[in-house]
Each structure stands twice: as structure tokens, then as C-alpha cells.
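> Quick one: structure below, then a few questions.
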Amino acid sequence: MSDSFDREKVVECMFDPTTASILAALEDGEKECSFLAEQEAISESEVLDRLAYLIEHEFITHKTDDGKCRISANTNKLTSIVEDSENFDGTISGLEKMDSYLN
């Protein structure tokens, strides 16, 4: 798969409050889609929809075993987006925006 992706869109996906919560749950390893859906009170298909762009560009992987969808994060690739100096200002802006929603 091509490594060309819209960095701003990736950052936007990562800092959406629901997606950020899903990503946080993936920090300690692979999770079942049903667990993530239950945790966020959304459907499994919505979990996949919210992660679609990240899945498409291999920031997130998903597989189906025994009829169960499992999702895991490519933490190195996700971290590289946040640490990239070109995106640092955008990341800070995204955090400030998310903070304003929470307050």
C-alpha cells in the first residue's frame, strides 16, 4: 500500500474525541471490535468507519478471526505523525481545539 496520505487528515482522525478514546484503548494491545464499540457506546461498524482512513493507510490494522473483528494500532507509525515537526503546530492546535470542547 502506498505511503502517501494526508497528514492533516490523520491528525484530525487521531484527535477526534471518540477516535482518540479508541486509540487510547489500543495502546496496550489488540482489542476486539465489539469491546471498543461497547466502550464507546457505538456500533462495531461505526468503530470501523471512524478508523477507516487510519486503516486504509496502515496506522491501524484489523483482522477477522473466528468471526470476531480484532483491531490493533501501529504505534510507531502513529507516534511518527505526532512527533513530526511539520505537524507539531497542528497537533498543538488540535489538542487546544479538543480541550475547548471538553471545557
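> Working out 0.36 nm times the residue gap between Asp16 and Asp66, then minus their Cα-Cα distance, what length gain in nm do you get to one decimal?
15.0 nm
> With θ taken as phi - 60° and the coefficients 6.51, -1.76 and 1.60, list the Karplus ³J(HN,Hα) couplings across segment 39-55 in order, rounded to whole Hz; mark glycine and proline as x.
4, 9, 6, 9, 7, 4, 5, 5, 4, 5, 4, 5, 9, 3, 5, 5, 5
> Using alpha-carbon pairs under 8 Å, 6+ residues apart, how would you state the relative contact order of segment 20-70 in percent?
Once divided by the residue count of segment 20-70, the mean separation gives 33 percent.
> A follow-up question, please. Going down the list Lys9/Lys31; Lys9/Lys63; Lys31/Lys63, which pairs span over 20 Å between their C-alpha atoms?
Numbers: Lys9/Lys31 24 Å; Lys9/Lys63 23 Å; Lys31/Lys63 11 Å.
The answer is Lys9/Lys31; Lys9/Lys63.
> Can you give me the solvent accessible area of Glu32 with a 1.4 Å probe, rounded to the nearest 10 Å²?
Rounded to the nearest 10, that gives 60 Å².
> Something else now. Express in Å², to the nearest 10, the accessible area of Ser21 obtained by rolling a 1.4 Å probe over the protein heavy atoms while all chains stay in place.
Its heavy atoms expose roughly 40 Å² to the probe.
> To continue, here is another question. With labels modelled as points extended 7 Å from the Cα through the Cβ direction, what inter-label distance (nm, one decimal) is found for Glu38 paired with Thr79?
Output for this residue pair reads 3.0 nm.
The values are calculated or read from the model by the stated rules, or taken from the named source; none is laboratory data. Just so you know, these numbers come straight off a predicted model, no measurement behind them. Quick reminder, even Gly has a Cβ in these numbers, built from the backbone with ideal geometry, and neighbours come from all protein chains shown. Ligands, DNA and RNA are stripped out before the accessible areas are found, and what is left, the full protein with its side chains, is counted by its heavy atoms. Shrake-Rupley method; radii C 1.70, N 1.55, O 1.52, S 1.80 Å.
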